[in-house]
Amino acid sequence: MCTRYPLSAVFLAFVAAVVTGCLPSSCSRVESRSLMSADSVSRAYAETLPVDTLIITGSILGSDSLMLEYPRTVDFGPDGLLWVSDTQNHILFAFADDLSLTHRIDVARHPYPYLAGFSGDTLLAFSPESMDIVKIFSGSVVSSVDMPGDGPAEGALQYAAGADERLYYKVLAKDFAGYIAEMDLEGNILRRFDLPLPYWRHAGLLRFWGDSLISLSGFRPVIDVISDSSGVDSLSLFGFDSPMLARSRQFLIGDTSSPPLLTASAAAAGNLLFVLNMRPGWLRVDVYNRRGRLQHILTEPLPEFNQEYYPTDIAVRRMDEDTFELAVSVVEPESRIDRFRWRRH
């Protein structure tokens, strides 16, 4: 989530807003375990699928020389480089397949950078503080595009994405009619899509899935899909299961004050959507098809319990018909980027 606050407040607001409620390791054991009917059906279906194990291919760890402190977003570029944004130090990194550092770009004039995508060979990064998307070519910032400024002055959640000739900006806030704006590369608004209240249902990153823009939600297993033909459609992720679904029901019926985080991010590759399913201690990735139906459940090798484990983002690229490479940014218990390979059977 992107908010307009100084650094310390951004970090605290992010933690407070995203790590809401409790994680499975800390919930009260006397809480109700009842589920919404749709969640109960999804759980039953998920339990019929086997769990596949990812192959880890390497990790990039933060160090004094690297200055990787809060890797918030990750993305594979068209040239195969893995890009990482650090919202603590306002730095963009790029790494080759052998994990070597190829670029280190200071964007302190555009603080708290979130990777927003690529327009050809140009990297796009969004700053919620300066409210613009910067264009980076050959390792240097070449220009920036201002985002619409009609959102709340404080407390706004902001997200952005860009590809080819289009930019997208999403803004949400409590008691504010949120929206997604589609713009050209100069920032001129072409279309606007309203996002009905409550705002928390739409809180999540913007990503691309083929020709469609998808608007993620961290607090319910539903995504909004925006296409040229049909506007905004909601797609439920059938088969999503989480230890936090019972607490999600409690929030929906008014028995608790805040929704729990179910997923931090998702990324598409081909016809598949890879969703980070938040678990205490280990990585779990759920893979869905275009209809939103769960196809595969992936986990890291030898998962172990650690309630401080916290991934923030996922990037995926397709290597061949059935082979995929995944990158996951992690901020707890240490700052790092884990890389995995998965072959679909």
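The values are calculated or read from the model by the stated rules, or taken from the named source; none is laboratory data. Quick caveat, the model's predicted, so the values are computed rather than measured. As a convention, Cβ positions derive from the backbone with ideal geometry for all residues, glycine included, and neighbour counts pool all protein chains shown.
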| Can you name the residue in segment 195-241 that is assigned to a loop (DSSP other than H, G, I, E, B) and acidic (Asp, Glu) and is also modelled with the lowest pLDDT among such residues? | Asp228
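Can you say whether Asp184 is at pLDDT 90 or above, of a type in the set (Asp, Glu) and over 20 Å from Ile133 (Cα atoms), as far as the supplied structure shows?
Working: at pLDDT 90 or above: yes; of a type in the set (Asp, Glu): yes; over 20 Å from Ile133 (Cα atoms): no.
When the stated conditions are applied, Asp184 does not pass them.
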| said: Please go through segment 81-128 and give me each residue that is of a type in the set (Asp, Glu), part of a strand (DSSP E or B) and more than 18 Å from Ser329 (Cα to Cα), ordered by number. | reply: Asp106
| request: Output the number of the condition that Leu197 fails; it satisfies all remaining conditions of (1) more than 30 Å from Arg109 (Cα to Cα); (2) crowded, with 17+ Cβ neighbours inside 10 Å; (3) among the hydrophobic types (A, V, I, L, M, F, W, C). | output: (2)
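Filter segment 96-127 down to the residues that are hydroxyl-bearing (Ser, Thr, Tyr) and under 20 Å from the mean Cα position of the chain (by Cα), then identify the one that is surrounded by the most Cβ atoms within 10 Å (Cβ to Cβ). Lay out the reasoning, then the answer.
Within segment 96-127, the first condition is being hydroxyl-bearing (Ser, Thr, Tyr), and the residues that meet it are 100, 102, 112, 114, 119, 122, 127.
The next check asks that each one be under 20 Å from the mean Cα position of the chain (by Cα); those that pass are 112, 114, 119, 127.
On the way: Tyr112: 26, Tyr114: 24, Ser119: 18, Ser127: 24.
Result: Tyr112.
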| request: Would you please name the residue that is modelled with the lowest pLDDT, looking only at residues in segment 247-265 that are assigned to a loop (DSSP other than H, G, I, E, B) and buried (at least 17 other Cβ atoms within 10 Å of the Cβ)? | output: Thr256
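Taking the residues in segment 320-334 that are over 17 Å from Met278 (Cα atoms) and touching a residue at least 12 places away in the same chain (Cβ under 8 Å) as candidates, determine which candidate is surrounded by the fewest Cβ atoms within 10 Å (Cβ to Cβ). Before the answer, list the steps.
Step one: list which residues in segment 320-334 are over 17 Å from Met278 (Cα atoms), which gives 320-325.
Next cut, touching a residue at least 12 places away in the same chain (Cβ under 8 Å) only: 322-325.
Values: Asp322: 10, Thr323: 12, Phe324: 21, Glu325: 20.
Residue satisfying both the conditions and the ranking: Asp322.
List the strands (runs of 3 or more DSSP E) inside segment 134-194, counting only whole elements, that have at least 1 residues being among the hydroxyl-bearing types (Ser, Thr, Tyr) and surrounded by fewer than 17 Cβ atoms within 10 Å (Cβ to Cβ).
On the way: elements: 140-146, 157-163, 166-173, 176-183.
In segment 134-194, 140-146 are the strands (runs of 3 or more DSSP E) which contain 1 or more residues that are among the hydroxyl-bearing types (Ser, Thr, Tyr) and surrounded by fewer than 17 Cβ atoms within 10 Å (Cβ to Cβ).
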| task | Collect the residues in segment 298-318 that are modelled with pLDDT of 95 or more and of a type in the set (A, V, I, L, M), keeping them in residue-number order. | result | Leu298, Ile314, Ala315, Val316
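Select, from Arg201, Arg220, the only residue that is of a type in the set (Lys, Arg) and out of contact with any Phe, Trp or Tyr (no Cβ under 8 Å at 6 or more places or on another chain). Show your work before the answer.
Numbers: Arg201 fails: out of contact with any Phe, Trp or Tyr (no Cβ under 8 Å at 6 or more places or on another chain).
When all the criteria are applied, what remains is Arg220.
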